[in-house]
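Participant: Below is a structure I'd like to ask you about.
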Amino acid sequence: MSTLPSNVSQFETGPSNAPSKKERPRIGGLLVTVILVVILVGVIAVAVTRLSGGTLTRPTAATAPTSVSTSGSSPAAAAAAAGTPADATTQQAIQQVIQQVDQAQIQAIQSNDPKVMAATATPEFYQDQISTNQDLIDAGVSDIKLINIEWGPITINGNTASATDWETWSTTFEDGTTEQSRDRNVYTLVNDSGTWKVQADDHPDQQAGGNGAPGPPSAP
């Protein structure tokens, strides 16, 4: 006969109260947090560097749009200057009229006949031209010559136009002396039945006052 163990527990192997394995700490969440903090610190550092280095600057007066002053010009010139740029055909027509006005003034001085200036001027400006030429003659001017014209902007406002140019003139006096001057002219023109005529000629850079006529005799 075989006998069975009366107490099975006595024959069990291995300790009954074996210690459990230690759990590995979870570091994934902590690592992500550290990375986000580092990124945030880097972004703040870059922003502070740009602000201190002047990369992000406030607009200054040098970059702001500038406006053109019309002080010293006639009301008609100020109104015309507020118009739109003239097309190429109109610009050419206006430039031609201004050149004709200048050449007519030269011819009027040489021939002592002011009537040649009437075709390209309004009646009011024609009278101004007569007065201007008389002032030049009284000052001893014997001859004037247009040396050069530098064209500036030409604008249209309805039947009125404004044209800016820089004219260089040579003035000869009775004693044989010659003077040369360069002056900015702001012409006001009106469209008279399809024909442009000069209504005024302002000289905003000249110190001498007047009714739109040139100041010194050496600057027609």
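Since every read-out is calculated from the coordinates, none of them should be taken as a lab result. These numbers were taken from a predicted model, which means no experiment stands behind them. Glycine gets a Cβ as well: all are built from the backbone with ideal geometry, and neighbour counts include every protein chain shown.
Participant: Points 7 angstrom from Cα along the Cβ direction at T33 and W151: gap in nanometres?
Facilitator: 7.6
Participant: Let's test the formula: R0 of 22 Å, r as the Cβ-Cβ distance of D113 and F173. What FRET efficiency results, to the nearest 0.05? Write down the numbers at each step before the final one.
Facilitator: Details: r = 21 Å, r/R0 = 0.94.
In this case the efficiency is close to 0.60.
Participant: Once phi is turned into θ = phi - 60°, what whole-Hz ³J(HN,Hα) does the Karplus curve with 6.51, -1.76 and 1.60 give for every residue of region 158-164, x standing for Gly and Pro?
Facilitator: With the stated coefficients, region 158-164 comes to x, 8, 10, 9, 10, 10, 10 Hz.
Participant: Say R0 is 25 Å: what FRET efficiency, to the nearest 0.05, do Q96 and W166 get from their beta-carbon distance? Don't jump to the answer; show the numbers that get you there.
Facilitator: Numbers: r = 18 Å, r/R0 = 0.70.
Calculated value: 0.90.
Participant: Quick one: order L146, L189, L136, L40 by neighbouring beta-carbon count within 10 Å, fewest to most. Before the final figure, lay out the partial values.
Facilitator: Details: L146 15, L189 31, L136 25, L40 10.
Least to most surrounded, the residues fall as L40, L146, L136, L189.
Participant: Among Q96, I137, I149, which residue has its Cα positioned farthest towards the positive end of the charge dipole of region 87-202, with +1 placed on the Cβ of Lys and Arg, -1 on the Cβ of Asp and Glu, and the dipole taken about the Cα centre?
Facilitator: Comparing the listed Cα positions along the dipole, Q96 ranks first.
Participant: Let me ask you something else. If each residue of separation counts as 0.36 nm, what is the full-extension length gain between Q127 and D205 once their alpha-carbon separation is subtracted? Can you show the working numbers first?
Facilitator: Values: separation 78, 0.36 × 78 = 28.08 nm, distance 2.26 nm.
Once the chain is fully extended between Q127 and D205, it gains 25.8 nm.
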